[in-house]
Amino acid sequence: MNEMRGMALSSRALFAGLDKFGLDEMLRIGHEVSFGPGEVIFEAGDRADGMFVVLGGEAPNRVLLNRQSR
């Protein structure tokens, strides 16, 4: 297991109860992606075929209705 990624993952409440095997499995089936500032990760209405876990930095959310942010 990549120790830094495993520690970052285990620090999230959703994964805090996982043992090393469980964390290793989550890291095995997942893959790491990076996004730049202001880059759209997904949009309302996109098909939900996975999930994102923010391991570093921040991901503010914004909902656009009729092309206006709220």
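The values are calculated or read from the model by the stated rules, or taken from the named source; none is laboratory data. No experiment lies behind these values; they were computed from the predicted model shown. Here Cβ is always computed from backbone atoms with ideal geometry, including for glycine, and neighbour counts include all displayed protein chains. Please note that ligands, DNA and RNA were not included when accessible areas were found on the heavy atoms of the full protein model with its side chains. Shrake-Rupley method; radii C 1.70, N 1.55, O 1.52, S 1.80 Å.
Mind checking the per residue accessible area of the chain for me, 1.4 Å probe, whole number of Å²? Before the final figure, lay out the partial values.
On the way: 6400 Å² over 70 residues.
Value for the chain: 91 Å² per residue.
Give me the percent of accessible area attributable to carbon and sulfur for the chain, probe 1.4 angstrom.
Values: 3420 of 6400 Å².
Carbon plus sulfur share of accessible area: 53 percent.
Got a sec? Charge dipole of the chain, +1 on Cβ for Lys and Arg, -1 for Asp and Glu; which of Gly17, Leu55, Val40 is way out at the positive end?
It is Val40, whose Cα lies furthest towards the positive end.
Between the helical axis of 20-29 and the dominant principal axis of the chain, each derived from Cα atoms, what acute angle in degrees is found, rounded to the nearest 10?
40
Which one, Leu14, Leu23, Leu55, has the greatest fluctuation when you compute a Gaussian network model over the chain with C-alpha springs under 10 angstrom?
It is Leu14.
At a threshold of 8 angstrom on Cα-Cα distance, excluding pairs fewer than six apart, so keeping six or more, what relative contact order does the chain reach in percent? Before the final figure, lay out the partial values.
Numbers: 27 pairs, mean separation 19.0, N = 70.
Contact order relative to length: 27 percent.
Could you derive backbone 3J(HN,Hα) for the range 4-16 from the dihedral phi with the Karplus parameters 6.51, -1.76 and 1.60 (θ = phi - 60°), listing whole Hz in sequence and x where the residue is Gly or Pro?
Result, rounded to whole Hz: 5, 5, x, 5, 5, 5, 5, 7, 8, 3, 4, 10, 4.
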